[in-house]
Amino acid sequence: MANALGVFQQKLLEICSQGGANSAMLAPVIEWVLERECTKLKFSLGNAEKDMRYLTETLATYQARSAMLPPLCEFLSRAKKDQGEDSFVPTAYDTCVKK
């Protein structure tokens, strides 16, 4: 979203790393955004999508629900199709900005 609004990605990193958005996911994703490298999170989209599918099944078994899980599963499935099953999770960024 920031990119679409003309916010420089490096500036976004500076801002986000100073507050609550500084998380275990920020570094690997921003590494992909800025450097097109995935050295910090070598976990495939295929595995991430599979794990969320297992979580969905577990929740169903316990008759529990999550409002966030279905859209996340849909996004991971689309990212896996766009980027490839063996692509690492940070590359899902490219699905976010795909036109």
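When the residues of segment 78-93 are filtered to those that are surrounded by 13 or more Cβ atoms within 10 Å (Cβ to Cβ) and without any contact (Cβ under 8 Å) to a residue 24 or more places away in the chain, which remaining residue is farthest from GLU49 (Cα to Cα)?
ASP82
So LEU45 clears everything in (1) at pLDDT 95 or above; (2) of a type in the set (A, V, I, L, M); (3) open to solvent by 40 Å² or more (accessible area, probe 1.4 Å) except one condition, right? Which one?
If we test LEU45 against (1) at pLDDT 95 or above; (2) of a type in the set (A, V, I, L, M); (3) open to solvent by 40 Å² or more (accessible area, probe 1.4 Å), just (3) comes out false.
Taking the residues in segment 52-69 that are within 20 Å of ASP86 (Cβ to Cβ) and surrounded by 13 or more Cβ atoms within 10 Å (Cβ to Cβ) as candidates, determine which candidate is farthest from the chain's Cα centre (by Cα).
So, considering only residues that are within 20 Å of ASP86 (Cβ to Cβ) and surrounded by 13 or more Cβ atoms within 10 Å (Cβ to Cβ), the one farthest from the chain's Cα centre (by Cα) is ARG53.
Taking PHE75 and the conditions (1) under 13 Å from the mean Cα position of the chain (by Cα); (2) open to solvent by less than 60 Å² (accessible area, probe 1.4 Å); (3) touching a residue at least 24 places away in the same chain (Cβ under 8 Å), which numbered condition does it fall short on, given that it satisfies the others?
Answer for PHE75: the failing condition is (3).
Just for segment 1-36: of the residues that are surrounded by fewer than 10 Cβ atoms within 10 Å (Cβ to Cβ), closer than 22 Å to PHE88 by Cβ and at pLDDT below 90, which one is farthest from the chain's Cα centre (by Cα)?
Among them, the one singled out is MET1.
For PHE43, all conditions in the list (1) more than 20 Å from ASP94 (Cα to Cα); (2) under 17 Å from the mean Cα position of the chain (by Cα) hold save one; what is the number of the exception?
Evaluating PHE43 over (1) more than 20 Å from ASP94 (Cα to Cα); (2) under 17 Å from the mean Cα position of the chain (by Cα) leaves (1) as the failure.
The values are calculated or read from the model by the stated rules, or taken from the named source; none is laboratory data. Given the structure is predicted, the values throughout are model-derived calculations rather than measurements. Cβ coordinates were reconstructed from backbone atoms using ideal geometry, including for glycine residues, and neighbour counts include every protein chain displayed. Accessible surface areas use protein heavy atoms only, side chains included; no ligands, DNA or RNA. Shrake-Rupley method; radii C 1.70, N 1.55, O 1.52, S 1.80 Å.
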